Amino acid sequence: MGLFGRKKNASVDDVDVLVGDGADDVIRPEPAPGEPGVDRDWDRAGDGPYDVAEWPDLDGRVDLGALRLPAVAGMQMRLDIEQGTGRVVGATVTFGASQAQVQVFAAPRTLGLWDELRPEIARGLVDAGGAAETVKGVMGKELHARMPGRAPDGRVAFQPARFLGIDGPRWFLRVVVNGPAAADDAQMAPVLSFVRSIVVRRGDEPRPPREVLELTAPQGVLEAAAKQAQARREQAARAAAEQVAQQAPSLARQDATQLAGIRRGAGPASSPDGGSTDGAGRHRPPEAAPTEAPKAPSNPEFT
């Protein structure tokens, strides 16, 4: 498995994980007859995503602690790190031009969270100027949304988004899909296949409902991320120094006396009244032209 790259910025820090070729031999359960959501209803325990008690083996999945994600050849996976705490709180996987963010939360033992959270998410989208509607999907009810944003020319633009919610035993899995797959069922198919192969490992610790389960990065990812961050800081410092050097005036190319408002010359500058200015710019009145002084008369008595 090849690891690691870096993706551009966000509102949170992130680390990229690149899964190389040959990692797509993920073992999946023998499905029931028919296609879930088409020929029959979807059954979470049989069709996935699974609890670790239902699927204890990794079978080629990427182990992120609370989540075990299927590895697909060429898949890019970004770990989403919470600013301030440094916790890994989610993973975003790229499917061509589409992305799917996956997060897992603690849930009550008996009741699920999706029916409770879905209206709250919809209200938040509407309050932000977007739109949302509940639609029946392959894995139950989905939230199809139009999220407001800004186009390059500054105009308001709406982007499609699709929210999936899966209730498991004491956990809740949320998936947010952006890009073409959010509006195209054909491009959504590989996303659904990916989600159905996820394994959740909640742990036995008591947790309040809705608490996000922290993920753990694979071995070496955080060290690679630290090196990437240091390289980015050094590159930014070099770019800033180059920009300052380009904007600063070059005394080698300009006359320093001109920059100081002082004229160059062999002597003081002249003024309109015939006077002059000294080196500090102060006016000096003109001096009388030198004349030949008369000689005293000679007096023979004073010898």
Worksheet item: Can you name the condition, by its number, that Q243 falls short on among (1) open to solvent by 80 Å² or more (accessible area, probe 1.4 Å); (2) under 30 Å from P108 (Cα atoms); (3) not aromatic (F, W, Y)?
Response: (2)
Worksheet item: Quick one: what pairs do we get from region 113-134, first residue more than 20 Å from R170 (Cβ to Cβ), second part of a helix (DSSP H, G or I), C-beta under 6 Å, 6+ apart or different chains?
Response: A132/A122; A132/L125
Worksheet item: If a residue has to be closer than 28 Å to R44 by Cβ and open to solvent by less than 50 Å² (accessible area, probe 1.4 Å) to count, how many in region 145-169 make the cut?
Response: 9
Discussion item. Within region 202-221, does at least one residue satisfy the condition of being without any contact (Cβ under 8 Å) to a residue 24 or more places away in the chain and not acidic (D, E)?
Written reply: yes
Item to complete: Could you please give the count of residues in region 9-51 that are more than 19 Å from L192 (Cα to Cα) and either out of contact with any strand residue (DSSP E or B) (no Cβ under 9 Å at 6 or more places or on another chain) or at pLDDT 65 or above (or both)?
Response: 5
Worksheet item: Pick from V126, V104: which is open to solvent by 50 Å² or more (accessible area, probe 1.4 Å) and either among the β-branched types (V, I, T) or touching a Cys at 6+ places or on another chain (Cβ under 8 Å) (or both)?
Response: V126
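The values are calculated or read from the model by the stated rules, or taken from the named source; none is laboratory data. All values reported here derive from a predicted model rather than from experimental measurement. Here Cβ is always computed from backbone atoms with ideal geometry, including for glycine, and neighbour counts include all displayed protein chains. With ligands, DNA and RNA removed, areas are computed over all heavy atoms of the protein, side chains included. Shrake-Rupley method; radii C 1.70, N 1.55, O 1.52, S 1.80 Å.
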